[in-house]
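Reading through the structure tokens given below for one structure.
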Amino acid sequence: MTEHPGRRSGRKARTAGEPAPSVSLEAKLKPSQSRAHQTFEAILAVSGELLAEVGFERLSTNLVCQRAGLTPPALYRYFPNKYAILSELGRRLMDAQDRAVFDWIEAGGLVADSMDEAIAKNREIQETVNQITRDMPGGVWILRAMRAVPMLQDIRIASRDKVARHTAERLLEQYPASSTEEIYAATRITTELMMAATEMVLEQPDADEALVTQEVCRMVCLYYSQFAGGKTRYNL
């Protein structure tokens, strides 16, 4: 039966920019040969550039083909649609941010001898994550796509939870008497808060980045100081 415009049905309407549930978000081919790898990377690079110019709603595979000098069949060898491209870009951005956080933790980022030092260390990683996003072509629009397109939201959530779990494991080593549930809840909340701060300063040019970064780091440090239990060492 044909469903006429305006006829009510049991199906939930999709929001603008949201792909149909059957749309694939996976690359069709992960290239191993040099030439194919170059084409794969060129598609992603061009897509990032176009995102910065036209946004994710106006991005299309036709635009990518025109800019990259590819035919549609050549692009479709690697990506079935623009959402698969956005998915790959989102994973790459989140992976780059996650690696930076993990390296920061391994270098002692969670340990400080004073509140001022703790805030300074948190500022360091927050500024690093901001810069990683800023340096990636279309980085701001990739963040927006992961919020606006429901099928892409899992990429952002998976990144947040991976960082939160890793941070919680380290904090539990330092505070074995603390509740696992409370520590993990705290790391999820603070990771989400810092991700939101990154989105805020990059999406709103009039925001005072230094002030926003300073204040969000102060909030995180004060929150985590509760687990120190009155000790002089602040582990964040």
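None of the figures in this text is laboratory data; all of them are computed from the coordinates on show. No experiment lies behind these values; they were computed from the predicted model shown. Please note: Cβ atoms are built from the backbone with ideal geometry, for glycine as well, and neighbour counts cover all protein chains shown.
Descriptive notes on the structure:
- 3J(HN,Hα) from dihedral phi, region 86-102, Karplus parametrisation 6.51/-1.76/1.60, rounded to Hz, x for glycine, proline: 4, 4, 5, 5, x, 4, 5, 5, 5, 5, 5, 5, 4, 4, 4, 5, 5
- Sorting 59, 86 from the fewest to the most surrounding beta carbons within 10 angstrom yields 59, 86.
- The mean of 1/r over all distinct Cα pairs in region 90-235, once inverted, gives the Kirkwood hydrodynamic radius of 15.6 Å.
- Separation between Cα centres of region 88-133 and region 136-177, rounded to whole Å: 12
- Counting beta carbons within 10 Å around each of 221, 65 and listing the fewest first gives the order 65, 221.
- Projecting the Cα atoms of 196, 152, 211 onto the dipole axis of region 90-235, where Lys and Arg carry +1 and Asp and Glu carry -1 at the beta carbon, places 152 farthest toward the positive end.
- Built amide H within the under 5 Å cut-off of residue 111, gap 5+: 236
- Ranked list, fewest to most other Cβ atoms within 10 Å of each Cβ, for 162, 82: 162, 82
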